[in-house]
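The values are calculated or read from the model by the stated rules, or taken from the named source; none is laboratory data. The structure presented is a predicted model; accordingly, all values stated were derived computationally and were not measured. Note that each Cβ is placed from the backbone with ideal geometry, even for glycine, and that neighbours are counted across all protein chains shown. Areas reflect the complete protein model, heavy atoms only, side chains present, ligands, DNA and RNA absent. Shrake-Rupley method; radii C 1.70, N 1.55, O 1.52, S 1.80 Å.
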Amino acid sequence: MRYRKKRKNENKKKIIPILGFLVPLAFLSISHIIHSDSEISEEEKRTLAQKPSFSFSSYFSGEFTKEYGDYFQDQFPFRNFFMNTNKKIMAFYTETNKNGVEIVDVKKPDMGFGEALPPANTTSYLENTTSYIENTTSSKTDNTTEKVPYIPPPKEVQDMNSILIADNRAMEYFGIDELSLLAYADSINTLQKNVPGVQVYDLLVPSPIEFYSPAEYHTGTHSEKAAIKIIHDALKDVKSVDAYSKISYHIDEYLYFRTDHHWTARGAYYSYVAFADSAGFDAVDINKLKKGQIDNFLGSLYYYTLSQKLANNPDYVEYFIPEVSNNATVYQDSSMQDGYPIDVITTNVQSTNKYLVFITGDVPLIHINTELKNGKKILVVKESFGNAFVPFLVNNYEDIYVLDPRSLIMNIPKFVKDHGILEIMCINSIYTPSNPTWMNGFNSCIINE
């Protein structure tokens with residue numbers, strides 16, 4: 001009798017680990033069947049794999065099983081919960097070097113691809129901004145005789161392998177790759193050569209690590225000022241725009257997000273002023289524009305680090321309403337057929353990515369027609385940093401065309417000739433010369449056929 005009881009207890013002990021394995025497995029399997037698939041991951045800022053269609057040919061070739069594996073990995077039940085938990089656990093195990101800098105292995109974020117709001121029948125931007133608009137109160141205006149403000153060094157620095165967190169600000173690393181910089185300059189020169197009679201401008205946007213990090217992160221081979229000089233010294237008939245100096249005079253203002261890799265509308269404004277100086281027109285006074293604000297923005301760098309410091313100090317997105325009425329349309333190709341309307345400033349962004357307030361994000365081609373009748377036309381060739389810049393041009397140009405060569409390949413020399421465009425602005429972040437997606441797309445656009 002005692003033997004049977006002992007054996008029964010042993011059997012119970014064996015059943016417990018089996019149930020501990022089978023019950024969660026059954027729960028996850030049922031959850032996977034009943035839960036609805038997601039198309040987009042807001043946290044990862046990418047499109048998720050969808051359930052593949054079965055065919056015998058794809059099955060026997062192995063393609064179906066690979067695609068299904070990707071699908072299951074992207075649509076795993078409670079995926080975000082498990083991912084965030086894993087990141088927090090990994091962040092707990094940190095290595096501290098001699099300088100007290102914490103090192104966490106964070107995968108280098110791919111900032112090469114953009115995002116955009118879905119097409120929608122939008123109304124006039126003036127109708128959408130009632131609850132947000134207020135007069136600007138900043139009394140500071142641009143003055144090239146100003147000295148660069150003193151920014152004290154950060155008190156606490158986290159070195160996260162590819163992302164630096166200085167106090168409450170996250171920033172991407174930068175390193176000079178001279179071959180990429182010269183290749184970029186050569187491409188801009190080729191564009192200028194292939195558009196005779198058209199003036200090409202180049203504006204390179206420095207990143208916040210250049211201004212807000214300890215010296216060792218933005219000097220020597222990490223100096224963005226030196227990198228910009230390498231490019232601009234290599235330009236020939238192209239007009240280089242010195243946005244760096246304009247920005248440096250105002251670095252004590254809110255020019256870059258702390259939790260996202262982009263700049264703010266104010267950062268874009270001072271670059272717009274630098275462009276106005278180069279192009280010979282009067283920039284609109286930012287103090288005369290009406291502005292709005294969207295609060296509680298946590299950007300891309302927060303989602304890559306899940307830093308509690310960043311979460312405790314969210315950004316806000318400030319925007320400025322152009323004083324000139326306009327109509328903006330998005331097109332999928334250079335024929336500009338079957339477009340859909342957008343607002344240059346979208347104040348009711350539902351996405352967690354509030355930077356989409358500017359020209360709805362990264363779309364192939366935009367045409368903005370304003371009420372001005374000055375005959376001025378410009379083509380802006382950009383990546384995502386150009387999005388916050390474009391709305392300011394509405395105050396000065398009759399027609400603005402905006403191209404993102406990451407998502408549309410078109411013949412730029414033919415396009416500017418067909419539309420009577422006499423100015424081209426290439427505006428990019430300092431990281432763009434090392435971005436093969438943008439560079440390959442741009443080089444495919446500048447061939448004069």
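Computed over the Cα atoms of the stretch 281-342, what is the convex hull's projected area averaged over all directions, in nm²?
Values: hull surface 31.0 nm².
That works out to 7.7 nm².
Per residue, how much accessible surface does the stretch 187-345 expose to a 1.4 Å probe? Answer in Å², no decimals. Present the calculation step by step, with values, prior to reporting the outcome.
Working: 5820 Å² over 159 residues.
Solvent-accessible surface per residue comes out at 37 Å².
May I ask which residue of Val324, Phe358, Ile421 lies farthest towards the positive end of the charge dipole of the stretch 310-430, with charges of +1 (Lys, Arg) and -1 (Asp, Glu) on Cβ and the Cα centre as origin?
Checking the options against the dipole of the stretch 310-430, the answer is Ile421.
I'd like to check one number: the per residue accessible area of the stretch 353-449, probe 1.4 Å, reported in Å² as a whole number.
With all protein chains present, the stretch 353-449 gives 28 Å² per residue.
DSSP loop trypsin sites (Lys or Arg not before Pro) in the stretch 344-449 with at most 10 other Cβ atoms within 10 Å of their Cβ, which ones? Spell out each step's value before the answer.
Details: sites: Lys354, Lys373, Lys376, Lys377, Lys382, Arg406, Lys414, Lys417; in loops: Lys373, Lys376, Arg406.
Here the trypsin sites (Lys or Arg not before Pro) that fit, given the DSSP loop and packing criteria, are Lys373.
Counting only other residues whose beta carbon sits under 10 Å from that of Asp399, what net charge do I get with K and R as +1, D and E as -1?
Surrounding charge for Asp399 is +1.
Quickly work out the Thr437-to-Asn296 label distance, labels modelled 7 Å from Cα along the C-beta direction, and quote it in nm with one decimal.
2.9
Considering the convex hull of the alpha carbon atoms of the stretch 194-244, report its projected area averaged over all viewing directions, in nm², one decimal.
Details: hull surface 15.8 nm².
Value for the stretch 194-244: 4.0 nm².
Could you sort Leu235, Leu310 by their accessible area in this structure, using a 1.4 Å probe and putting the largest first? The partial results should precede the final answer.
Values: Leu235 20, Leu310 0 Å².
Ranked list, largest accessible area first: Leu235, Leu310.
When the convex hull of the C-alpha atoms of the stretch 357-408 is computed, what volume per residue in Å³ does it have?
64
If you scale each eigenvalue of the Cα gyration tensor by 5 and take the root, what three semi-axes come out for the stretch 244-373, rounded to whole angstrom and sorted largest first?
They are 27, 21, 13 Å, listed largest first.
List the trypsin sites (Lys or Arg not before Pro) within the stretch 161-253 that fall in a DSSP loop (any state other than H, G, I, E or B) and whose Cβ has at most 16 other Cβ atoms within 10 Å.
Here the trypsin sites (Lys or Arg not before Pro) that fit, given the DSSP loop and packing criteria, are Lys236.
Quick one: divide the alpha-carbon radius of gyration of the stretch 169-220 by 2.2 N^0.38 Å and tell me what you get. Walk me through the numbers on the way to the answer.
Working: Rg = 15.2 Å, N = 52, 2.2 N^0.38 = 9.9 Å.
Compactness ratio reported: 1.54.
Out of the GluC sites (Glu not before Pro) in the stretch 318-426, which ones are loop residues according to DSSP with at most 10 other C-beta atoms within 10 Å?
Loop-located and lightly packed - Glu371.
For the stretch 354-449, what percent of Cα pairs sit more than 20 Å apart?
35
What's the carbon and sulfur percent of the stretch 204-273's accessible surface, probe 1.4 angstrom, rounded to a whole number?
Taking all protein chains in place, the stretch 204-273 shows 50 percent carbon and sulfur surface.
Taking a 20 Å limit on the Cα-Cα distance, which of the listed pairs Lys147/Lys225; Lys377/Lys414; Lys288/Lys382 fall beyond it?
Going by Cα-Cα distance, Lys288/Lys382 fall outside the 20 Å limit.
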